[in-house]
1. Loop-only trypsin sites (Lys or Arg not before Pro) in the range 1-59, please: DSSP not H, G, I, E or B, and at most 16 other Cβ atoms within 10 Å.
2. Please list, ordered by chain and number, the residues whose modelled amide H lies under 5 Å from the amide H of Asn128; skip anything fewer than 5 residues away on the same chain.
3. Any idea how far the Cα center of the range 195-252 sits from the one of the range 3-45, in Å?
4. Could you state how much accessible area Glu241 has, in square angstrom rounded to the nearest 10, with a 1.4 Å probe and all protein chains kept in place?
5. Averaging sequence separations of C-alpha pairs under 8 Å and six or more residues apart, then dividing by the length of the chain, give the relative contact order as a whole percent.
6. For the cross-link pairs Lys282/Lys302; Lys282/Lys312; Lys2/Lys77; Lys107/Lys312; Lys26/Lys84, which exceed 25 Å when the distance is taken from alpha carbon to alpha carbon?
7. What would the Debye formula give as log10 I(q)/I(0) at q = 0.15, 0.18, 0.22 Å⁻¹ for the alpha-carbon point model of the range 240-306, no solvent?
8. So for the range 149-218, taking the charge dipole from beta-carbon charges (+1 Lys/Arg, -1 Asp/Glu), which of Thr163, His209, Pro192 sits furthest toward the positive end?
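The values are calculated or read from the model by the stated rules, or taken from the named source; none is laboratory data. A quick note: this is a predicted structure, and the numbers were derived from the prediction, not measured. Neighbour counts run over all protein chains shown; Cβ positions are idealised from the backbone, glycine included. Side chains are part of the model used for accessible areas, which takes the heavy atoms of the whole protein and leaves out ligands, DNA and RNA. Shrake-Rupley method; radii C 1.70, N 1.55, O 1.52, S 1.80 Å.
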Amino acid sequence: MKRIGVLTSGGDSPGMNAAIRAVVRKAIFHGVEVYGIYQGYAGLISGDIKKLELGSVGDIIHRGGTILYTARCEEFKTPEGQQKGVDQLKKFGIEGLVVIGGDGSFKGAQKLAEQGIPAIGIPGTIDNDIAGTDYTIGFDTALNTVIEAIDKIRDTATSHERTYVIEVMGRDAGDLALWAGLADGAETIMVPEVDEDMDVIIKRLKRGHDRGKKHSIIVVAEGAGSGVDIGKEIQQKTDLETRVTVLGHIQRGGSPTAQDRVLASRLGALSIELLLDGNAGKMVGIENNELVAHNFEDALAKEHYLDEKMYKLSKELSI
Ligand code: ADP
């Protein structure tokens, strides 16, 4: 393999740049040329492709976002769109591809692998919602952003003796809410994986208030419902002064943590090793602190599960 391509796709996440850097440097280290494909699969279809040099990825390891930009591209879900992508790769002489993104992006990479283009996926999303890896690149940074925000909200919650509902991201996964809630000592954590009875939550809040508790923090994963609606219900049914904060896209930005930079560097390098060893159609990840690779087929067929023990612990610690 003499020339490979790299793209970022789907939602951006902090640490994607560190992964791009590792892909480029590791490939060049092994004498392989690297081409950057801009705006994900949209740029692959349109041919927005440029050669990356060692210097192209200098001074980016600490930056959030992605220097290659990212996009969602409906056309690439069609066989015609995929064919255009394959044609562009052939035109540029690109023999292998690294795709950094979430499981949607991996489905696209799988389609390319089926058409004879060796493709490796690197999990980059703040949601931590991908089966086949314990952590995705960006999760740790987003988690720390959420914790910093909740700490600040906690100060004002204490001063004003209010109940705070904080909605965090995570799509259909509750990881971000669970980890942040546990790390921040939230009274209640609502995740999509567990059906919580609102009446039980309300009763607990009232009980806490009667016991003299001055404020409460409720962390809601976006997949578990609207923070605004939950806040309204709590206010109506408890009469506790309740405020809602939807953290939103602040969670997707910022300089990646050391954890994310190191993970991105390791996974980026592994993706090149796999391509050079003749692998195709795999995603890389980390499980039990070991780097792993799974066939797209297997990984995409599995579901990501919330850590049940950790959920149970969060309940035990917030009585
Ligand atoms: P993520 O990668 O973060 O899960 P999306 O689900 O939006 O984000 O997917 C990103 C892009 O991957 C899509 O816009 C599309 O171009 C491509 N993609 C998603 N699903 C498929 C699919 N089934 N076949 C081909 N390409 C896909």
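1. Numbers: sites: Lys2, Arg3, Arg21, Arg25, Lys26, Lys50, Lys51; in loops: Lys2.
Answer in residue order: Lys2.
2. Sorted by chain and number, the residues that satisfy this are Thr136.
3. 41
4. Accessible surface of Glu241 is approximately 80 Å².
5. Working: 708 pairs, mean separation 74.3, N = 319.
Computed value for the chain: 23 percent relative contact order.
6. Details: Lys282/Lys302 14 Å; Lys282/Lys312 33 Å; Lys2/Lys77 28 Å; Lys107/Lys312 33 Å; Lys26/Lys84 28 Å.
Check vs 25 Å cut-off fails for Lys282/Lys312; Lys2/Lys77; Lys107/Lys312; Lys26/Lys84.
7. Summing over Cα pairs of the range 240-306 leads to -0.70, -0.87, -1.06.
8. Highest projection toward the positive end goes to His209.
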